[in-house]
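The values are calculated or read from the model by the stated rules, or taken from the named source; none is laboratory data. This structure is a prediction, so every number in the text was calculated from the model and none was measured. Cβ coordinates were reconstructed from backbone atoms using ideal geometry, including for glycine residues, and neighbour counts include every protein chain displayed.
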């Protein structure tokens, strides 16, 4: 006879784990006893993504995806992590996102270089309200310019640039050279 197959979708909720990286430090006990300055040897260990931080690359990408792809506010992420048993303040989440953006700058620059080598680009600006922006009143407008390749491009690319205004001078500066 035949084989029947029934498929179903299963959701595995997000799981947050604490991974401990143990590093052993060795010293020469004999040197210590004799009053000699001995050697200290530290075993190799994985480097932190952000110095003195608990954020891992996977956690960084997770919170950035939640914030920018799913538009999840930091206060809701903070609540969700609390339900999962982790107290992570939105201030920490915000700082990690800012530092993560800085880590991505080399990639941004490469994409910009690739965009600037195209013969055809699309550009437009859109209004953005930034809360507590230095030197600006609450509710005042800021702008994000978007630059993208055409839909016929084999390697599509999109970049966003934050600006204080909508003047074409911002686009000229971005596209100079």
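May I ask you to list the residues in the stretch 15-54 that are closer than 30 Å to residue 83 by Cβ, in contact with a helix residue (DSSP H, G or I) (Cβ under 8 Å, 6 or more places away or on another chain) and surrounded by fewer than 10 Cβ atoms within 10 Å (Cβ to Cβ)? It would help to see each step written out before you state the result.
Pass one, the stretch 15-54, residues closer than 30 Å to residue 83 by Cβ: 15-22, 46, 48-54.
So of that shortlist, the ones also in contact with a helix residue (DSSP H, G or I) (Cβ under 8 Å, 6 or more places away or on another chain) come out as 16, 49-50, 53.
Answer for the stretch 15-54, where residues must be closer than 30 Å to residue 83 by Cβ, in contact with a helix residue (DSSP H, G or I) (Cβ under 8 Å, 6 or more places away or on another chain) and surrounded by fewer than 10 Cβ atoms within 10 Å (Cβ to Cβ): there is none.
Please find, among 37, 53, the residue that is assigned by TED's automatic domain parsing to the domain that holds residue 96 and modelled with pLDDT of 90 or more.
Details: 37 fails: modelled with pLDDT of 90 or more.
On inspection, the qualifying residue turns out to be 53.
Looking at 115, 175 in this structure, which one is surrounded by 11 or more Cβ atoms within 10 Å (Cβ to Cβ), over 21 Å from residue 60 (Cα atoms), within 23 Å of the chain's Cα centre (by Cα) and touching a residue at least 40 places away in the same chain (Cβ under 8 Å)? Quick ask: steps written out before the conclusion?
Values: 175 fails: within 23 Å of the chain's Cα centre (by Cα).
Of the residues listed, the single one that is surrounded by 11 or more Cβ atoms within 10 Å (Cβ to Cβ), over 21 Å from residue 60 (Cα atoms), within 23 Å of the chain's Cα centre (by Cα) and touching a residue at least 40 places away in the same chain (Cβ under 8 Å) is 115.
Residue 81: in contact (Cβ under 8 Å) with a residue 60 or more places away in the chain, surrounded by 12 or more Cβ atoms within 10 Å (Cβ to Cβ) and assigned to a helix (DSSP H, G or I), yes or no? Steps first, answer last, please.
Numbers: in contact (Cβ under 8 Å) with a residue 60 or more places away in the chain: yes; surrounded by 12 or more Cβ atoms within 10 Å (Cβ to Cβ): yes; assigned to a helix (DSSP H, G or I): yes.
Yes; evaluated as a whole, the condition is true for this residue.
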